[in-house]
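Working notes for the structure below.
The numbers here are math on the coordinates, done by the rules we state, and not lab data. All of these numbers come straight from a predicted model, not from anything done at the bench. Using ideal geometry, Cβ is built from the backbone for each residue, glycine included, and neighbour counts are taken over all protein chains shown.
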Amino acid sequence: LLLIVGLVLIIKGGDFFVDAASWMAEASGIPKLIVGATVVSFATTLPELLVSIFAALDARAAEALSPGSAIGSVTANLGLIMGIALVAIPMAIRRKDYMLKMILMLVAAAVAVCFSLFDNGVGMVASILLIIIFVLAMYDNIHEAVVAVKGGAKGQQLDEPVTKKAVITNVVKFLIGAVGTVAGAQLLVDNGSALASMCGVSDRVISVTIIAIGTSLPELVTTLTAIAKKQGSLSAGNIIGANIIDLTLILPVCALIYGSKLPASPTVAMVDIPACLIIGILSVVPTLITKKFSRWQGVLMLAAYAVYIVLSVIVMA
């Protein structure tokens, strides 16, 4: 029951957080792709960050939950959520808008794979490399936003005017969403571990299924909303930006909190991280070659994610 309460708090908290953050950003005239890759991505990755931090503070859970939650959320974001988005709203893109972001996402995944396989976890060197990638990604996003604003971009058409009341309302929603997400993340990690122990299921399986998908629910809510409103660029920007943050910020921060190299179990290193990289390649390479997100690509990503979950739950359990 407490696990469900945690999920509900994360869903509603993330919903409020995303709505308020999106309103604030859109009112400034920043392009939707950049809004998705920065403000909305930070908002929707807050659950993963908090769950991973709480796990890193617990030595018993750190090995399974910290790397597993972040990596599992990236895999869920791509294989499940972006897969759904591509099946529902395939779209053409401008390659230059997406290329650097997608390449940085893949490079970050490759760094995580290499250090987990050959260095048994995320240590100082891996953390520095991931933070460099994070800084490059954020610089690119901020640069594009500044160029757009200086170019005279106008604010989006909002449902309500930018009044004092609207500003106060969205600030309150932002704060309520942040508090709800924090509380939900704590409940999720505590009771996810307890549930695993009670049911005889490994922390890793709970981490890459219930917790990974649960902490990715804000991205799912954002994506479903974007599908309903035909805003594919906001959804794609959100998912790509969220994945970069998951890989390049959450893992180094957790390693710092853990106090030493953040260990990756053999299963995380051999199954979870490579699966993340493979699904990442499926999401990036065809798009950059064809200059569009295709429906067949979404179907393939969903199938790959289904195979990964089956292997994780049945075989690895």
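List the residues, sorted by chain then number, that are 5 or more residues from VAL122 or on another chain and whose placed amide H is less than 5 Å from its amide H.
HN-HN under 5 Å from VAL122: LEU262, ALA264.
Over segment 246-317, what is the mean sequence separation of C-alpha contacts under 8 Å (at least six apart), divided by residue count, expressed as relative contact order in percent? Please report the intermediate quantities before stating the final value.
Numbers: 20 pairs, mean separation 17.4, N = 72.
Dividing the mean separation by the residue count of segment 246-317 yields 24 percent.
Here are some pairs, LYS101/LYS173; LYS12/LYS165; LYS96/LYS292; LYS101/LYS164; which of them have Cα atoms lying more than 24 Å apart in this structure?
Where the Cα-Cα span goes over 24 Å, the pairs concerned are LYS101/LYS173; LYS101/LYS164.
With a 10 Å radius around each residue's Cβ, average the other Cβ atoms per peptide and rank 278-286, 86-94, highest first.
278-286, 86-94
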